[in-house]
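Chemist: What follows is a single structure, and I will ask about it in a moment.
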Amino acid sequence: AQKVTQAQTEISVVEKEDVTLDCVYETRDTTYYLFWYKQPPSGELVFLIRRNSFDEQNEISGRYSWNFQKSTSSFNFTITASQVVDSAVYFCALSEAEGLETSGSRLTFGEGTQLTVNP
Amino acid sequence: DTGVSQNPRHKITKRGQNVTFRCDPISEHNRLYWYRQTLGQGPEFLTYFQNEAQLEKSRLLSDRFSAERPKGSFSTLEIQRTEQGDSAMYLCASSLYGLAGSEQFFGPGTRLTVL
């Protein structure tokens, strides 16, 4: 069975601080996909990034960066120079692939980390 | 196309009543998913379709729940004889199966309150 653990329930930082959100996953599959989604107060889940299990390169997109380490089954998310608009619940999710060229099926989500960025 | 849409956005009902929600996915997407999210939790998978075929149902989906996607476009989720424990946000998502690594795009959700 697949499982995603986000140990940090709530994080509060002051604007311009860097913040890292932790994600640890469990799966028996060798092929899988990892995702991060953002859920602002409006409620709609917004896709941030997708990673497949064969690609361990870290990725940077503007103020966002992701660190994927298969050895520790972790997929951590860092926001640099946080802003008030980053305040939201962030979810890490896992999907097991059905084949070499598929996107996988259902997502298994962690319980989320509530990030509050104070001015 | 502006994304996944869901109707209604809010539904308040009395225990024992039946409710139906609708989801319209992104038009070219052939996969459609339903999730349920309760307060303070991550979304939990309920079921998904590829075109009109329902490929998987979670054990969370009791026999009071039924989902359809009759023409492979929009989908409906019906809950019969609602219970207070059914109160939650019901989320719909769609994706394009076959494109390696395509992500699921979520709608705004339908918030159900059972009194």
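The values are calculated or read from the model by the stated rules, or taken from the named source; none is laboratory data. Being a predicted model, the structure only gives us computed values, none of them experimental. Heads up, the Cβs are rebuilt from the backbone with ideal geometry, glycines too, and the neighbour counts pull from every protein chain shown. To get the accessible areas, we keep the full protein, side chains included, count just its heavy atoms, and leave off ligands, DNA and RNA. Shrake-Rupley method; radii C 1.70, N 1.55, O 1.52, S 1.80 Å.
Chemist: How long, wide and thick is segment B:17-115, going by the Cα atoms along their three principal axes, in whole angstroms, largest first?
Modeler: Computed over the Cα atoms, the extents are 42, 29, 22 Å.
Chemist: Rounded to the nearest 100 Å², what's the accessible area chains A and B bury against each other, both chains counted, probe 1.4 Å? Write down the numbers at each step before the final one.
Modeler: Working: alone 6750 and 6620 Å², together 11510 Å².
Chains A and B together bury roughly 1900 Å² of accessible area.
Chemist: Oh, and also: Can you tell me what the convex hull of the Cα atoms of the protein assembly as shown projects to on average, as an area in nm²? Show your work: numbers first, answer last.
Modeler: Working: hull surface 51.4 nm².
Mean shadow area of the hull around the Cα atoms is 12.8 nm².
Chemist: Go through A:Lys70, B:Lys71 and list them by solvent-accessible area, largest first, probe radius 1.4 Å. Walk me through the numbers on the way to the answer.
Modeler: On the way: A:Lys70 75, B:Lys71 175 Å².
Greatest to least solvent exposure: B:Lys71, A:Lys70.
Chemist: Say the dipole of segment B:65-107 comes from +1 at the beta carbon of Lys and Arg and -1 at that of Asp and Glu; which of B:Ser87, B:Gly107, B:Tyr97 then lies farthest toward its positive end?
Modeler: The listed residue farthest towards the positive side: B:Tyr97.
Chemist: Also, I was wondering about something else. Which value, in debye to the nearest 20, gives the size of the charge dipole of segment B:35-77 about its Cα centre, when Lys and Arg are +1 and Asp and Glu are -1 at the Cβ?
Modeler: Numbers: 6 positive and 5 negative charges, 11 e Å.
That gives segment B:35-77 a dipole magnitude of about 60 debye.
Chemist: Continuing with this model, one more query. Rg and Dmax of chain A, using alpha carbons, in Å: what are they?
Modeler: 14.1, 46
Chemist: Suppose every Lys and Arg Cβ carries +1 and every Asp and Glu Cβ carries -1, with no other charges. What dipole size does chain B come out with about its Cα centre, to the nearest 20 debye? Don't jump to the answer; show the numbers that get you there.
Modeler: Numbers: 14 positive and 12 negative charges, 96 e Å.
For chain B, the charge dipole is close to 460 debye.
Chemist: Let me ask something additional. Evaluate the charge dipole of segment A:2-78 about its Cα centre and quote only its size in Debye, nearest 20, assuming +1 on the Cβ of each Lys and Arg and -1 on the Cβ of each Asp and Glu. If you can, show how the numbers build up before the last one.
Modeler: Values: 8 positive and 11 negative charges, 39 e Å.
In total the dipole reaches around 180 debye.
Chemist: So which cysteines of the protein assembly as shown have no other cysteine's Cβ under 4.7 Å from theirs?
Modeler: none
Chemist: What list of ³J(HN,Hα) couplings, whole Hz, do you get for segment B:42-50 from phi and the Karplus terms 6.51, -1.76, 1.60, once you set θ to phi - 60° and write x for glycine and proline?
Modeler: Per residue, the Karplus-derived 3J(HN,Hα) values read x, x, 10, 5, 10, 6, 8, 10, 10 Hz.
Chemist: Can you give the local net charge around B:Pro108? Use residues other than it whose beta-carbon is closer than 13 angstrom to its beta-carbon, Lys and Arg +1, Asp and Glu -1. Mind dumping the intermediate values first?
Modeler: Numbers: positive: B:Arg9, B:Arg22, B:Arg111; negative: A:Glu44, B:Asp24.
Net charge around B:Pro108: +1.
Chemist: First select every other residue whose beta carbon is under 15 angstrom from the beta carbon of A:Ala7; then total the charges, Lys and Arg +1, Asp and Glu -1.
Modeler: -3
Chemist: Just add up the charged neighbours of A:Gly112: K/R +1, D/E -1, any other residue whose Cβ is under 13 Å from the Cβ of A:Gly112.
Modeler: Numbers: positive: A:Lys38; negative: A:Glu10, A:Asp22, A:Glu111, B:Glu44.
Summing Lys/Arg as +1 and Asp/Glu as -1 gives -3.
Chemist: Roughly how many percent of the accessible protein surface of the protein assembly as shown is carbon and sulfur, given a 1.4 Å probe and a whole-percent answer? If you can, show how the numbers build up before the last one.
Modeler: Details: 5330 of 11510 Å².
Of all accessible area on the protein assembly as shown, carbon and sulfur atoms account for 46 percent.
Chemist: Moving on to the next point. Using 1/(1 + (r/R0)^6) with R0 = 45 angstrom and r between the beta carbons of B:Leu115 and A:Glu26, what's the FRET efficiency to the nearest 0.05? Kindly include the intermediate steps, with their values, before the conclusion.
Modeler: Working: r = 38 Å, r/R0 = 0.85.
Between B:Leu115 and A:Glu26 the formula returns 0.70.
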